[in-house]
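Just below is one structure, and these are the notes that go with it.
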Amino acid sequence: MVKVNKKYKDRLFRMVFNRKEELISLYNAISHSEYTDPEELEIYTLEDVIYMKMKNDLAFLIDDVLNLWEHQSTWNPNMPVRGAFYIVEEYRKYIEQKGLNLYGSRLITLPVPQFYVFYNGLKEEPDNVELKLSNAFSTLHPELEPCMEFKAVMVNINRGHNEKLKELCKSLKDYSEYTARVREYANIMPISEAVEQAICECIQEGILAEFLTQNRAEAKQVSIYEYDE
């Protein structure tokens, strides 16, 4: 029996949103902005940092805002910890690329960090949840004020959640619908057939149609592997 990987949607999410046009559309929806030129985006995604074995889904800079985006198909309260690792590496790269002097007498300027996690798992969660790095700190010393904080906003993109947001970004709405159909059909038929049916239906109905048509084989491949009912 062919199985599908529970994390296949992570890779599919990145495939769908790796184009600047898709990124700026979702960014506008999330931030209530109206940017129109995709070239205003500068990609900062980490690609297997050698000494840290670290890689994030999507990262980009726009108008002095550094955005980190992750997709999760399982609920993970440790995302702020992971995000803290990501942002340190992103800032290291930014400082190096911009030639900023950390040892000088003038204060350097860094872009404002924003960390969003797009959640598409089975565990029922609210539309939005703010997770904090400080939630992971030991409670043995309540008299001490932590010297750092990092926040992640978990955005539930399952059916029935954040529908207004999805109306502002068709690709997000389509992605949510496609993955929901794969999950539904996999409950009643072999996963390979479930994926094929979802792809056929979505193309016919204009749901991620261009993406699925152009990347059909790869999309199907990443959707099929180690399915856990």
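Volume per residue for the stretch 77-123 equals 90 cubic angstrom (convex hull of Cα atoms).
Remark: accessible surface ordering of K166, K220, K98 (largest first) is K98, K220, K166, probe radius 1.4 Å.
The phi torsions of the stretch 212-217, fed into the Karplus equation with coefficients 6.51, -1.76 and 1.60 and a -60° offset, translate into couplings of 5, 5, 6, 10, 4, 5 Hz, rounded to whole numbers, with Gly and Pro shown as x.
Within the shell of other residues whose beta carbon sits under 9 angstrom from the beta carbon of L133, the net charge comes to +1, with Lys and Arg scored +1 and Asp and Glu -1.
Using the alpha-carbon positions of the stretch 105-216, Rg (one decimal) and Dmax (whole number) come out as 20.1, 65 Å.
Only protein heavy atoms count here; under a 1.4 Å probe, C147 has an accessible surface of about 130 Å². Here the convex hull built on the C-alpha positions of the chain has a volume of 169 cubic angstrom per residue. Of the peptides 33-44, 153-164, the order by per-residue mean of other Cβ atoms within 10 Å, starting with the highest, comes out as 153-164, 33-44.
A simple rule links phi to the HN-Hα coupling: the Karplus curve 6.51 cos²θ - 1.76 cosθ + 1.60 with θ = phi - 60°, which for the stretch 78-94 gives 8, 4, x, 5, 5, x, 5, 4, 4, 5, 4, 5, 5, 5, 4, 5, 4 Hz, with x for Gly and Pro.
What part of the accessible area of the chain, given as a whole %, is carbon or sulfur when the probe is 1.4 angstrom?
52 percent
In this simple spin-label model, placing a label point 7 Å from the Cα along the Cα-to-Cβ direction at both A136 and I203 gives a separation of 4.2 nm.
Measuring r between the beta carbons of E210 and E40 and using R0 = 30 Å, the FRET efficiency lands at 0.85.
Between F85 and H32, the C-beta separation translates, for a Förster distance of 25 Å, into a calculated FRET efficiency of about 0.30. The residues of the stretch 19-112 have, on average, 56 Å² of accessible surface per residue, using a 1.4 Å probe with all protein chains present.
What size of dipole, in debye to the nearest 20, comes out for the stretch 160-229 about its Cα centre when the only charges are +1 on Lys and Arg C-beta atoms and -1 on Asp and Glu C-beta atoms?
Details: 8 positive and 14 negative charges, 53 e Å.
The dipole of the stretch 160-229 has a size of about 260 debye.
The values are calculated or read from the model by the stated rules, or taken from the named source; none is laboratory data. Model, not experiment: these values are computed from the prediction. Using ideal geometry, Cβ is built from the backbone for each residue, glycine included, and neighbour counts are taken over all protein chains shown. SASA here: full protein model, heavy atoms, side chains in, ligands and nucleic acids out. Shrake-Rupley method; radii C 1.70, N 1.55, O 1.52, S 1.80 Å.
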